[in-house]
């Protein structure tokens, strides 16, 4: 397996503003071809961390390498950034604004125009090219902001709440663009409070709480770490007299949730159900918590 160098490497960064510690100790790496979710409650230190990665703030201590080293002007042009507080020129027309944003990242006006037109078509905004940004709906403005961040085909894309104000159709259009960049070997750092989307999109996540990383890994690893002693069955029949089951809950006509005692494994229960032959089984799975449930549990602790 080829070992790639991370496109973003953050090691033990810390940042204070006066007596307030905004980031206490944050470390993570983002590889080429990866969507990395940076999660946490409001005020956890996510935005400050991102601003340090972008060299807007300098860390008090720790190191940050982006695209192989400290940020230079040339490396900055290879980054796409969509901040939470949107940064478009409200008085400009959509196409003119996108062309201007593209030239700021080193594109010629012609290339910026060509790229902008392609993305406007993909995001179903072709008929809005000459509309002033200030008159667009919030959802349309959000899509223009996404285009501005990806127009120059950045090697590192940092997007804050990319799906805010988007309906399911437009969410899918933006999601496809993110996955396309990932498949081209780009690194994407994403923050979002829509954890179901994070779960379906991110390869790895880090959860920041009170300025520190309290949880990190692939989505599957994190969910397994918080797996409970509950199994979910779908089927019909008799489940009485199962050894090692503390509690049996039937939620729908064919969905059952079994709480196991600590000495019983899911495999043992499955073997017992099959051996008894009194239950027609469609599905058997260990009940994994969602990222939403894990997020709430970790933050409350």
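Could you tell me whether residue 213 is crowded, with 16+ Cβ neighbours inside 10 Å and touching a helix residue (DSSP H, G or I) at 6+ places or on another chain (Cβ under 9 Å)? Criteria not met by residue 213. Looking at region 123-140, which of its residues are part of a helix (DSSP H, G or I) and within 25 Å of the chain's Cα centre (by Cα)? 138, 139, 140 - these are the residues of region 123-140 that are part of a helix (DSSP H, G or I) and within 25 Å of the chain's Cα centre (by Cα). When 201, 195, 166 are checked against the criterion of being at pLDDT below 95, under 24 Å from residue 44 (Cα atoms), surrounded by 18 or more Cβ atoms within 10 Å (Cβ to Cβ) and out of contact with any strand residue (DSSP E or B) (no Cβ under 6 Å at 6 or more places or on another chain), 195 stands alone in meeting it. Considering region 253-287, and only residues there that are under 9 Å from residue 234 (Cα atoms) and touching a helix residue (DSSP H, G or I) at 6+ places or on another chain (Cβ under 7 Å), the residue that is surrounded by the fewest Cβ atoms within 10 Å (Cβ to Cβ) turns out to be 281. In summary, helices (runs of 4 or more DSSP H) completely within region 1-119 and bearing 1 or more residues that are farther than 19 Å from residue 184 by Cβ, more than 20 Å from the chain's Cα centre (by Cα) and at pLDDT below 95 occur at 73-76, 94-104.
Between 147, 178, which is assigned to a helix (DSSP H, G or I), in contact with a strand residue (DSSP E or B) (Cβ under 9 Å, 6 or more places away or on another chain) and either touching a residue at least 24 places away in the same chain (Cβ under 8 Å) or within 30 Å of residue 111 (Cα to Cα) (or both)? Result of the check over 147, 178: 178. Only strands (runs of 3 or more DSSP E) whose full extent lies in region 191-292 are considered here, and the ones with at least 2 residues that are farther than 30 Å from residue 161 by Cα and not assigned by TED's automatic domain parsing to the domain that holds residue 29 are 230-237, 245-250, 255-260, 279-286.
The values are calculated or read from the model by the stated rules, or taken from the named source; none is laboratory data. Model, not experiment: these values are computed from the prediction. Because the Cβ atoms are built from the backbone with ideal geometry, glycine has one as well, and the counts that use them run over all protein chains shown.
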